[in-house]
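Computed from the coordinates by the stated procedures, all read-outs in this text should not be read as laboratory data. Computed from a predicted structure; not experimentally measured. No Cβ is skipped: glycine too gets one built from the backbone with ideal geometry, and neighbour counts run over all protein chains shown.
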Amino acid sequence: MAVEKRLEELLDAVVKEGASDLHIFVGGSPVLRISGALISLAKYPTLIAEETDAMLKSIVPPERWDSFERDQTIDLSYAHKVDERFRVNGYRVQGATALAFRLIPRAIKTFADLNLPPVLEVFTQREQGFFLVVGPVGQGKSTTLATMIDRINDSRAEHILTIEDPVEYLFAPKRSLIHQREVHIDTPDFRTALQSAFREDVDVIMVGEMRDYETISSAVTAAETGHLVFSTLHTNNAAQTIDRIIDMFPAEQQAQVRVQLAGSLAGIFSQRLIPRVSGGLIPAYELLINNNAVSTLIRDGRTHEISTVIQTSSQEGMIDMDRSLAELVRRGEVTVEHAYEYSMDPKTFEHYL
């Protein structure tokens, strides 16, 4: 009981301090991530292995504990009190249990709230296509996707299916019918849920993460067959994302996948959360919109030229990461030093300044 009470206190601290993440581990005080920085909660005593193990066991469903002991890692969602939810990862570090909690904001924000470009709304109004939100871990991909899905929910009567591991944001049906399936609870894996979606009269599909080529293949097929599909990848930019997708497939299938992707891709949005001068974080971003030129580059395997297309196609709505960073500097939102850290091409960034 004492361990459970301490966990509740730590989760309260996340909310009170405006943190995004909480780290619990053996041999040190718990750590919060606030506006990108790690802050130790020194007033809390160092934890021992029995305590961290008991903390995780208190929130993992009994039927999933065996899988944690087998795989040494587990993902789940956890409801704290009435309206606070966390995405949780439990894992082993030198034989002891550690936990990482990510706070899921209770309200789904708008594009304006998140300082995201209004052009993203265009992709929520499409009838079909494949749209990806990419970036490293912790850069707000899930939040951006949730905003896009909720915009569809606000504006259109569609059947929306989300496939997540674990379920993060909870959507309240508005104009749309929304079903959220959680891997390990409602379906064994992403691929199985995607394949069954073809028989569920679904219009819009959100795949929390694409981890293997079977999942990507099913997602591309869904986009080709009249569905609007959203997903994420841990890649740095549009060109790298396309290469990563192609490289996941066996060599003999890659030419066909290029053709499929060239025809089904709607766009790729890459984002980074930059420390803001006034405090907190603000996004810088790159947006690739698939057009005839981009489709040709994908089919021909000339993805190294995509960055040039983005830089020269701002009139079509495309956004270059370095231009986005330069604009944040000009507006006084971020420092030049921080912008340089996230620049894709420092010389191009200097040119935009």
*Regarding region 2-104, what are the three Cα extents along the principal axes, ordered largest first, in Å?*
34, 30, 27
*Between residue 34 and residue 201, what FRET efficiency comes out of the Förster formula 1/(1 + (r/R0)^6) with R0 = 30 Å and r the beta carbon distance, rounded to 0.05?*
0.10
*Lysine pairs, Cα distance under 17 Å, 8 or more residues apart or cross-chain: how many in the chain?*
8
*May I ask for the Rg/Rh ratio of region 102-191, computed from Cα atoms with Rh as the Kirkwood radius, given to two decimals?*
0.94
*If you build a Gaussian network model of the chain, linking Cα atoms that sit under 10 Å apart, which residue out of 182, 286, 200 swings the most?*
200
*What are the residues whose amide H is under 5 Å from the amide H of residue 41, where those residues sit 5 or more places off or on another chain and H is modelled from the backbone?*
31, 32
*So what is the 222 nm mean residue ellipticity for the chain from helices alone, if each DSSP H run of at least 4 adds -39500 (n - 2.57) and you divide by all residues, rounding to the nearest 500 deg cm²/dmol?*
-11000 deg cm²/dmol
*Give the long-range amide H neighbours of residue 28: residues separated by 5 or more places, or on another chain, with amide H under 5 Å away, using H modelled in the peptide plane at 1.01 Å from N.*
47
*By DSSP, what percent of the beta bridges with both residues in the chain are antiparallel, rounded to the nearest 5?*
60
*Tell me which residues come under 5 Å, amide H to amide H, from residue 174 once H is placed; ignore anything under 5 positions away on its chain.*
none
*Would you calculate the separation in nanometres between label points at residue 347 and residue 234, each defined as 7 Å from the Cα along the Cα-to-beta-carbon direction?*
3.2
*Looking at region 170-225, which trypsin sites (Lys or Arg not before Pro) are in a loop (DSSP not H, G, I, E or B) and have at most 12 other Cβ atoms within 10 Å?*
175, 199
_Cα-Cα separations in region 242-353 greater than 22 Å, expressed as whole percent_ = 41
_I want to verify a result. In a Gaussian network model of the chain, Cα cutoff 10 Å, which of these has the top mean-square fluctuation: 325, 170, 261?_
170
_Below 8 Å, C-alpha to C-alpha, sequence gap of six or more: please give me the relative contact order for region 2-104 in percent._
26
*Sequence ranges 128-134, 148-154, ranked by mean other-Cβ count within 10 angstrom, highest first*: 128-134, 148-154
*Quick one: go through region 1-34 and flag any residue whose amide nitrogen is under 15 Å from the point 7 Å out along the Cα-to-Cβ line of residue 57.*
1-5
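Please report the relative contact order for the chain, taking Cα pairs under 8 Å with a sequence separation of at least 6, and give it as a percent rounded to a whole number.
12 percent.
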*Spacing of the two label points (7 Å from each Cα toward its C-beta) at residue 327 and residue 89, in nm*: 3.1
*In debye, nearest 20, what is the charge dipole magnitude of the chain about its Cα centre with +1 on Lys and Arg Cβ and -1 on Asp and Glu Cβ, if you could check?*
580
*Once label points are set 7 Å from the Cα along Cα→Cβ at both residue 300 and residue 5, what is their separation, rounded to one decimal in nm?*
7.0
*So what's the gap between the Cα centers of region 310-353 and region 246-271, to the nearest angstrom?*
27
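Given an 8 Å cut-off on Cα distances and at least 6 residues of separation, report the relative contact order of region 252-353 as a percent.
Values: 133 pairs, mean separation 26.4, N = 102.
Contact order relative to length: 26 percent.
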